[in-house]
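Participant: My structure is below; once you've seen it, I'll send some questions.
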Amino acid sequence: MFLSAEYWNTRYKENEFGWDTGSITEPLKTYFDQLENKNLSILIPGAGNSYEAEYLFNKGFKNVIVVDFAQEPLTNIKNRVPDFPENNLVKDDFFNYKGQYDLIVEQTFFCAIDPKLRAQYAKHMHSLLKPGGKLVGLLFDTVFEKDGPPFGGNKEEFRTYFDPYFTYKTFEPCYNSIAPRAGRELFIHLIKK
C-alpha cells in the first residue's frame, strides 16, 4: 500500500498533502513566463494538483500532459480547470509511461517516489525527452525530520542520478523559493545528452 495509487488517492481525499502550496510557486512561474513557444510539448509527471499545468494552460500552452497514477489529483485538476483537455490528464504509472516531450516539469514528484527509484527516474526522464529536451524544476535539498514522503537528499547525491543522462544549465540553490522552502531547494534546468 505504501506509495501506491491507493495511498495517494487517500491522501488527496483526506487533504493530507502539506507540500501543496495551493498555487504555482515563484521559481516555476518565473521560468514559464520566459517561454515563448506555445507549441512546446510539456509533460508534468506525478503532478498532484498541478497548479503548473493550470498556469501553463491558462497562458495558452495547449500541449501540456499531466500524468499521475492516482485518479484523485487528476479529478481535482479537471474540477478546477474544466476546459483542460480530458485526454491530457493521463492516469498511468510514470515508469511505464511512453512519449516524447520538449520539456518535462519536476515539481514534488522526485521527492514523493521511493528514493530507491531515483536512478530509474533519471533514466526514464531521459527516455521521455526529445533530443535536446529539458528537465526543469525543483528538488528538495534538505533532510527531513520525519520519514517521507517527501524524501529529501542533497545535490551531490542527485548528480549521481542525472550525470549519465543530462548536461547542466542550472543545478543551483533556488534564489526565489517560497518562504517555507527557502534555502532548501535546488532549481534544475537539465538538457538531455
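Participant: Given the conditions (1) at pLDDT below 95; (2) surrounded by fewer than 19 Cβ atoms within 10 Å (Cβ to Cβ); (3) among the acidic types (Asp, Glu), report the number of the one that Asp68 does not fulfil.
Facilitator: The one condition Asp68 does not meet is (2).
Participant: Taking segment 113-147 on its own, how many of its residues are in contact with a His (Cβ under 8 Å, 6 or more places away or on another chain) and surrounded by fewer than 19 Cβ atoms within 10 Å (Cβ to Cβ)?
Facilitator: 0
Participant: Looking at (1) of a type in the set (Val, Ile, Thr); (2) touching a residue at least 40 places away in the same chain (Cβ under 8 Å); (3) within 27 Å of Phe61 (Cα to Cα), which is the only condition Thr170 fails?
Facilitator: Unmet for Thr170, out of (1) of a type in the set (Val, Ile, Thr); (2) touching a residue at least 40 places away in the same chain (Cβ under 8 Å); (3) within 27 Å of Phe61 (Cα to Cα): (2).
Participant: In segment 35-56, how many are closer than 14 Å to Ile24 by Cα and touching a strand residue (DSSP E or B) at 6+ places or on another chain (Cβ under 6 Å)?
Facilitator: Residues in segment 35-56 being closer than 14 Å to Ile24 by Cα and touching a strand residue (DSSP E or B) at 6+ places or on another chain (Cβ under 6 Å): 6 in total.
Participant: Right, another one. Among the residues that make up segment 71-80, is at least one of them basic (Lys, Arg) and free of Cβ contacts under 8 Å to residues at least 24 places away in the same chain?
Facilitator: Looking through segment 71-80, at least one residue is basic (Lys, Arg) and free of Cβ contacts under 8 Å to residues at least 24 places away in the same chain.
Participant: Now a separate question. Here are the criteria: (1) in contact (Cβ under 8 Å) with a residue 24 or more places away in the chain; (2) assigned to a loop (DSSP other than H, G, I, E, B). Tell me which single one Pro131 does not satisfy.
Facilitator: It is condition (2) that Pro131 fails.
Participant: Does segment 54-95 hold any residues that are among the basic types (Lys, Arg) and either farther than 18 Å from His124 by Cα or in contact with a Cys (Cβ under 9 Å, 6 or more places away or on another chain) (or both), and which are they? Walk me through it before giving the result.
Facilitator: Of all residues in segment 54-95, those among the basic types (Lys, Arg) come to 59, 62, 78, 80, 91.
Listed by number, the residues that qualify are Lys59, Lys62, Lys78, Arg80.
Participant: Confirm whether Phe151 is hydrophobic (A, V, I, L, M, F, W, C) and surrounded by fewer than 16 Cβ atoms within 10 Å (Cβ to Cβ). Working first, answer last.
Facilitator: On the way: hydrophobic (A, V, I, L, M, F, W, C): yes; surrounded by fewer than 16 Cβ atoms within 10 Å (Cβ to Cβ): no.
Considered against the rule, which asks whether it is hydrophobic (A, V, I, L, M, F, W, C) and surrounded by fewer than 16 Cβ atoms within 10 Å (Cβ to Cβ), Phe151 comes out as no.
Participant: If you don't mind, there's one more thing I want to ask. Hey, does segment 148-161 have a residue that's modelled with pLDDT of 95 or more, under 16 Å from the mean Cα position of the chain (by Cα) and within 25 Å of Asn39 (Cβ to Cβ)?
Facilitator: No.
Participant: Sticking with this one: Quick one: count up the residues across segment 33-64 that are buried (at least 22 other Cβ atoms within 10 Å of the Cβ) and either assigned to a loop (DSSP other than H, G, I, E, B) or on the phi > 0 side of the Ramachandran plot (or both).
Facilitator: Total meeting the criteria: 5.
Participant: Just wondering, is there one or more residues in segment 102-112 that are farther than 14 Å from Val67 by Cα, at pLDDT below 95 and surrounded by fewer than 16 Cβ atoms within 10 Å (Cβ to Cβ)?
Facilitator: no
The values are calculated or read from the model by the stated rules, or taken from the named source; none is laboratory data. Predicted model only: the values in this text are computed from it and were never measured. Counting neighbours? That spans all protein chains shown, and the Cβs are built from the backbone with ideal geometry, glycine included.
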